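Here the structure comes first, spelled out in structure tokens, and everything after it is commentary.
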Amino acid sequence: MATPQKILLGITGGIAAYKTPELIRLLVKKGIAVQVVMTRTAEQFVTPVTLRSVSGERVLTADWNNQEDPFDHLNRTRGLAAALIAPATANFLGKLAHGVADDLLLTSVLALECPLFVAPSMNPRMYANPAVQDNIRILEGRGVHIIRPDEGEMACGDSGAGRLPSIGHLATVIEEAVGPTADLKGKRIIVTAGPTEEPIDAVRFISNRSSGRMGVAIAEAARDRGADVTLIHGPLSIPLPENITNISVRRAQEMMDELAARFGGCDMLVMAAAVSDFRPSVVYDSKMKKNEAGLSISLEQNPDILERLGKHKENRLIIGFAAETDNLLQNAREKLLRKNMDVICANDVGRGDIGFDNDYNEITLISRTREPLSLPRLPKRQLADRILDEAARLLSSPRAAASGQG
Ligand code: PMT
């Protein structure tokens with residue numbers, strides 16, 4: 001099955017629409033990509049810009065007018081794992097039950113080929129109205145999954161059944177419907193993340209702004225796709241992932257040693273760590289005094305971990321990153337070949353809105369066998385799944401055994 005799993009989230013104009021950014025955030029965290037389609041009234045409760053920010057995908061609104069591809073909204077309903085309408089108003093239920101297609105959301109929903117989940121949410125007296133209940137029965141009779149509303153006090157002051165169920169519940173329903181993608185099941189994958197720290201003295205060190213987010217996102221995505229994951233990481237500024245073997249290191253040499261001990265037993269290595277290229281030639285045990293080393297620190301080169309491991313690649317898959325500020329694709333391609341990788345993620349680290357210490361990234365995937373693939377700016381977890389799509393494709397092809405030293 002194609003990954004990451006993608007769903008359509010239809011948002012109609014109920015007050016509970018304000019909860020949908022949080023729902024999208026949860027789904028994306030679970031590795032589920034979300035294509036939002038919203039009605040004009042929904043825009044009164046939540047903005048397309050907010051939904052675009054959390055989903056990382058273009059939001060289709062009632063004013064959608066795509067001259068380049070008038071069938072874009074229909075194309076976006078293909079290959080979906082599921083669709084969820086939340087909140088679904090009485091108006092939407094009535095129109096869907098009777099096949100009315102007078103806006104973009106209804107048109108898209110009528111064209112769906114995947115399971116459809118609908119979460120009605122409205123005033124309890126409206127929800128209890130026989131017309132609404134009849135429409136729900138019609139939809140259920142056609143195989144639509146109705147997620148019943150919760151009971152409780154409503155924004156309007158009335159009490160009863162009509163509240164949108166918790167965001168956590170909706171996310172779980174969708175996660176179960178979509179099912180886990182296990183295309184990396186049984187694969188032993190090592191991921192590196194974060195910076196390395198090269199000590200100067202007892203309290204000072206050379207490092208960089210890597211937070212570890214990119215590497216951790218790849219490790220979590222690989223775990224969720226069934227892989228047996230080991231994460232070798234420098235000092236991280238984010239929590240450690242669960243159900244992953246986490247190995248903490250500080251210096252590049254320690255990362256090299258841990259990798260050298262494990263590389264032989266893995267199917268794939270993803271080097272997302274920002275390894276320090278240099279280290280001080282002398283490390284002082286105590287804190288240096290102002291005048292102790294003069295104003296210069298002499299540096300020596302760290303091992304290039306990937307270059308060394310690349311020499312013993314055999315049929316393992318190696319994916320690396322190229323953090324570049326100039327000549328992005330050219331420099332990335334040079335590193336791909338010199339370090340004997342299969343795929344390199346060319347990463348423009350000169351930009352402030354992606355890369356180091358950011359929740360988002362944007363990369364171009366360069367491999368030996370395919371044209372470069374430019375991926376859009378996406379939350380790192382979504383990008384991780386796009387990288388692993390390529391990894392899963394290569395792991396299941398005869399490529400690995402065939403690729404030799406670059
Ligand atoms: O951690 P985040 O805040 O989420 O930021 C993500 C990131 C920007 C750090 C990440 O996406 C990234 O680009 N990582 C690679 C950083 C880097 O060291 O790039 P490089 O072009 O200097 O190195 C090329 C490749 O060789 C990398 O895969 C690197 O891990 C590896 N390398 C580098 C130096 C070295 N001595 N040994 C290595 O193995």
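Values for this structure:
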read-out	value
Filter pass, L84 being of a type in the set (A, V, I, L, M), touching a helix residue (DSSP H, G or I) at 6+ places or on another chain (Cβ under 7 Å), in contact (Cβ under 8 Å) with a residue 40 or more places away in the chain and buried (at least 24 other Cβ atoms within 10 Å of the Cβ)	yes
Single match in I305, I366 (criterion: near the ligand (Cβ under 9 Å from one of its atoms) and crowded, with 19+ Cβ neighbours inside 10 Å)	I305
Identity of the residue in the range 332-363, open to solvent by 50 Å² or more (accessible area, probe 1.4 Å), within 16 Å of A274 (Cα to Cα) and not charged (D, E, K, R), that ends up farthest from the ligand (Cβ to nearest atom)	G350
Only one of P372, P376 that is in contact (Cβ under 8 Å) with a residue 60 or more places away in the chain, open to solvent by 10 Å² or more (accessible area, probe 1.4 Å) and either touching a strand residue (DSSP E or B) at 6+ places or on another chain (Cβ under 8 Å) or away from the ligand (no atom under 14 Å from the Cβ) (or both)	P376
Hits in the range 252-301 - residues which are assigned to a loop (DSSP other than H, G, I, E, B) and within 11 Å of the ligand (Cβ to nearest atom)	A272, A273, V275, S276, D277
Selection status of G94, surrounded by fewer than 19 Cβ atoms within 10 Å (Cβ to Cβ), without any contact (Cβ under 8 Å) to a residue 12 or more places away in the chain and either in the same structural domain as G31 (by TED's automatic domain parsing) or over 18 Å from I15 (Cα atoms) (or both)	no
Given (1) polar (S, T, N, Q); (2) closer than 30 Å to I85 by Cα; (3) within 11 Å of the ligand (Cβ to nearest atom), index of the condition T196 fails	(2)
Restricting the range 389-406 to residues that are surrounded by 15 or more Cβ atoms within 10 Å (Cβ to Cβ) and within 9 Å of E314 (Cα to Cα), the residue that is modelled with the lowest pLDDT	S403
Flag for G157 being away from the ligand (no atom under 13 Å from the Cβ), assigned by TED's automatic domain parsing to the domain that holds F45 and at pLDDT below 95	yes
Residues that are in contact (Cβ under 8 Å) with a residue 40 or more places away in the chain, open to solvent by less than 70 Å² (accessible area, probe 1.4 Å) and touching a Ser or Thr at 6+ places or on another chain (Cβ under 9 Å), drawn from the range 275-302	V275, S276, R279, P280, N302
Considering residues of the range 199-219 that are β-branched (V, I, T) and more than 29 Å from I387 (Cα to Cα) only, the residue nearest to the ligand (Cβ to nearest atom)	I206
Residue in the range 309-330 that is near the ligand (Cβ under 10 Å from one of its atoms) and more than 20 Å from L375 (Cα to Cα) present	yes
Residue ranges of strands (runs of 3 or more DSSP E) in the range 147-225 with at least 3 members open to solvent by less than 10 Å² (accessible area, probe 1.4 Å)	188-193
Conditions (1) under 25 Å from I363 (Cβ atoms); (2) in a strand (DSSP E or B); (3) within 13 Å of the ligand (Cβ to nearest atom); number of the one not met by N246	(3)
Number of positions in the range 194-209 that are in contact with a Leu (Cβ under 9 Å, 6 or more places away or on another chain) and over 11 Å from F278 (Cα atoms)	2
Residue match in the range 143-157 (condition: within 29 Å of the chain's Cα centre (by Cα) and of a type outside the set (A, V, I, L, M))	yes
Pairs with Cβ under 9 Å, 6+ apart, first in the range 45-56 and closer than 13 Å to N361 by Cα, second of a type outside the set (D, E, K, R) and open to solvent by 40 Å² or more (accessible area, probe 1.4 Å)	G56/Y360; G56/P376
Residue match in the range 23-38 (condition: open to solvent by 10 Å² or more (accessible area, probe 1.4 Å), more than 26 Å from A391 (Cβ to Cβ) and touching a helix residue (DSSP H, G or I) at 6+ places or on another chain (Cβ under 8 Å))	no
Condition met for P124 (closer than 21 Å to F45 by Cα, modelled with pLDDT of 95 or more and in the same structural domain as K19 (by TED's automatic domain parsing))	yes
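The values are calculated or read from the model by the stated rules, or taken from the named source; none is laboratory data. Model, not experiment: these values are computed from the prediction. Counting neighbours? That spans all protein chains shown, and the Cβs are built from the backbone with ideal geometry, glycine included. Please note that ligands, DNA and RNA were not included when accessible areas were found on the heavy atoms of the full protein model with its side chains. Shrake-Rupley method; radii C 1.70, N 1.55, O 1.52, S 1.80 Å.
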